[in-house]
């Protein structure tokens, strides 16, 4: 039985929406802000609707997903489908089936101060403490990356 908890975060970044989008999803920027979750993390794949994407640690383990929906400069929905373990995709283990699929959604909105970014993420409840402590750090890293002169 699928058990997930939704967590939500938001931040206002003093930068244009185009820059926030670019820094969030380009390889260099992604590695910087996601270091809050795992130092050295990276992705393999494309930020395009319907495309598979893997979010990986330096060891090569991580998560396998697909870009469920993408509206440039407005919205991205990532559908997490399973784990990557020892180079193999796991879509069906008991550990995966307890939470998958799980969605991670990003909303971008232009506001007078720059860009408002909202995060909605479905997680396995056992990851709540970790994710709730790491998302604010990740968003501050992204903010600093976008606001640097």
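Assorted remarks:
- Residue in the range 60-73 that is surrounded by fewer than 15 Cβ atoms within 10 Å (Cβ to Cβ), free of Cβ contacts under 8 Å to residues at least 40 places away in the same chain and under 17 Å from residue 146 (Cα atoms) present: no
- Residues in the range 47-59 that are touching a strand residue (DSSP E or B) at 6+ places or on another chain (Cβ under 7 Å) and either modelled with pLDDT under 95 or not in a strand (DSSP E or B) (or both): 47, 48, 49, 50, 51.
- Summed over the range 63-87, residues that are out of contact with any strand residue (DSSP E or B) (no Cβ under 7 Å at 6 or more places or on another chain), in a strand (DSSP E or B) and either closer than 14 Å to residue 52 by Cβ or at pLDDT 95 or above (or both) total 1.
- Selection count where residues are in a helix (DSSP H, G or I) and touching a residue at least 24 places away in the same chain (Cβ under 8 Å), scope the range 4-24: 7
- Odd one out for residue 148 among (1) loosely packed, with under 15 Cβ neighbours inside 10 Å; (2) touching a helix residue (DSSP H, G or I) at 6+ places or on another chain (Cβ under 8 Å): (2)
- Residues in the range 96-129 that are over 20 Å from residue 79 (Cα atoms) and in a helix (DSSP H, G or I): 129 alone.
- In the set (1) over 26 Å from residue 125 (Cα atoms); (2) surrounded by 12 or more Cβ atoms within 10 Å (Cβ to Cβ), the condition left unmet by residue 48 is number (2).
- The set of residues in the range 25-42 being under 20 Å from residue 124 (Cβ atoms) and not in a loop (DSSP other than H, G, I, E, B) consists of 34, 36.
- Every residue from the range 110-119 that is over 16 Å from the mean Cα position of the chain (by Cα) and either free of Cβ contacts under 8 Å to residues at least 40 places away in the same chain or under 15 Å from residue 5 (Cα atoms) (or both): 112
- Failed item in (1) closer than 28 Å to residue 148 by Cβ; (2) crowded, with 17+ Cβ neighbours inside 10 Å; (3) in contact with a helix residue (DSSP H, G or I) (Cβ under 7 Å, 6 or more places away or on another chain), with residue 82 passing the rest: (1)
The values are calculated or read from the model by the stated rules, or taken from the named source; none is laboratory data. All of these numbers come straight from a predicted model, not from anything done at the bench. Reconstructed Cβ throughout: ideal geometry from the backbone, glycine too, with neighbour counts over all protein chains shown.
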